[in-house]
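Structure record follows, encoded as structure tokens.
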Amino acid sequence: MARPRVERHPYGPRRSQHGVLGMPAGRGPHPVAVVIHGGFWRSTYGRGLMDGLAADLAARGWAAWNLEYRRVGPLAGGGWPATFADVAAGIDALAGLASSAPLDLGRVVTVGHSAGGHLALWAAARPGLPDGAPGARPAVAVTGAVSLAGVCDLAAAARDGVGGSAVARLMGGGPERVPERYALASPAERLPLGVPQVMVHGDDDRLVPVEQSRRYAAAARAAGDRCELVELPGVEHFALIDPRSEAWGAAAARLP
């Protein structure tokens with residue numbers, strides 16, 4: 001597989017406020033896949049987790065915008081609302097990048113894994129956020145979202161201990177303490193999103209239970225969204241970000 005042309009671009013002054021744009025061959029304009037890594041929103045993990053997927057997407061003809069953002073941890077500066085503001089700003093930065101790169105901003109799909117799956121769905125929900133909320137009034141609209149073993153329902157994940165205390169640390173408290181934040185930040189609370197969604201999840205996932213995607217997909221369809229659930233038997237959490245795996249192939253074939 002030929003290596004895509006890649007360039008690092010900041011979208012803010014902080015070290016984590018940047019993305020790496022991988023461009024496919026050809027003149028374009030190219031559809032854009034915003035790639036969002038997981039790691040339970042912790043600063044221990046970074047966008048390098050998604051380098052393989054970003055390269056594979058570029059080989060498939062997508063401009064892959066591998067996004068970094070402020071996460072939770074000592075001196076990392078993330079959590080509510082900074083993590084959400086960063087993801088929103090990183091996606092909106094595509095409007096500026098399109099002035100010098102052949103990007104098709106009429107087709108912008110978010111692709112996120114685990115905690116990144118949460119952020120991918122949340123980014124698609126931005127047009128419905130009230131004024132003043134982090135991420136409201138997007139400059140670049142997301143036209144579809146792919147969640148790879150995503151944390152789709154923050155309140156349920158907090159109650160079930162998904163990622164230990166990761167959700168509460170992201171949000172600055174549990175759903176009983178700061179319910180207004182969960183109402184703005186959890187994709188399950190923002191339905192309908194109004195764009196196609198694809199939920200890909202292995203039934204052998206020991207980190208994010210497949211019930212997260214099952215319940216979300218059912219709720220999204222009930223709310224009127226087009227939402228496909230792809231449940232993969234015997235597949236664990238990290239197989240979905242191995243670009244050589246059948247699990248990732250199943251997801252890539254369904255990009256909306």
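The values are calculated or read from the model by the stated rules, or taken from the named source; none is laboratory data. What you see is a predicted model; the values in this text were computed from it and never measured. Positions of Cβ are backbone-derived with ideal geometry, glycine not excepted, and every protein chain shown enters the neighbour counts. Protein only, heavy atoms only, side chains kept; ligands, DNA and RNA dropped before computing areas. Shrake-Rupley method; radii C 1.70, N 1.55, O 1.52, S 1.80 Å.
Take the solvent-accessible surface of the protein heavy atoms, probe 1.4 Å, and return the percent of it on the chain that carbon and sulfur atoms account for.
Result for the chain: 50 percent of the exposed heavy-atom area is carbon or sulfur.
Keeping all protein chains in position, work out how much accessible area Trp41 exposes to a 1.4 Å probe, and write it in Å² to the nearest 10.
Roll a 1.4 Å probe over it and Trp41 shows about 0 Å².
Considering all alpha-carbon pairs of the range 108-163, what whole percent are spaced by more than 18 angstrom?
Tail fraction, whole percent: 37.
Only Lys, Arg, Asp and Glu count, each charged at its Cβ (+1, +1, -1, -1), so figure out the dipole size of the chain about its Cα centre, rounded to 20 debye.
With Lys and Arg at +1 and Asp and Glu at -1, about 640 debye.
Going from most exposed to least, what order do Arg8, Arg47, Arg126, Arg244 have by accessible area with a 1.4 Å probe?
Arg244, Arg8, Arg47, Arg126
How compact and how long is the range 168-256, expressed as Rg and Dmax of its alpha-carbon atoms in Å?
Rg and Dmax of the range 168-256, Cα atoms, are 14.6, 42 Å.
What figure in square angstrom, to the nearest 10, would you give for the accessible area of Asp225 with a 1.4 Å probe?
20
At 1.4 Å probe radius, can you tell me the per residue accessible area of the range 58-181 in Å²?
Averaged over the residues of the range 58-181, the accessible area is 33 Å².
If you take every residue apart from Arg15 with its C-beta less than 15 Å away from the C-beta of Arg15, what net charge results, scoring Lys and Arg +1 and Asp and Glu -1?
+3
By the scheme Lys and Arg +1, Asp and Glu -1, what is the net charge of all other residues having a beta-carbon under 10 Å from that of Ala101?
Computed value for this residue: 0.
Between Arg206 and Arg8, what is the label-point separation in nm under the 7 Å Cα-to-beta-carbon projection?
A separation of 3.5 nm, rounded to one decimal place.
Pairs of alpha-carbon atoms within less than 8 angstrom and 6+ residues apart define the contacts here; what relative contact order does the chain have, in percent?
Here the relative contact order equals 17 percent.
Could you point to the label whose value was computed as Kirkwood radius over Cα pairs in Å for the structure here, given [x] 20.6; [y] 17.7; [z] 19.0?
Recomputing Kirkwood radius over Cα pairs in Å here picks out [y].
How big is the range 187-231 by the Kirkwood estimate over distinct Cα pairs, in Å?
One decimal place: 10.6 Å for the Kirkwood radius.
I want to make sure I understand the PRE zone here: with the label point 7 angstrom from the Cα of Arg60 toward its beta carbon, which residues in the range 1-36 have backbone N atoms less than 14 Å away?
24, 31-36
At 20 °C and 1.002 mPa s, grab the translational diffusion coefficient of the range 59-173 from Stokes-Einstein with a Kirkwood Rh over Cα pairs, rounded to a whole number in µm² per second.
For the chosen part, D equals 144 µm²/s.
What's the local net charge at Gly48, with K and R +1, D and E -1, over the other residues with C-beta under 15 Å away?
+1
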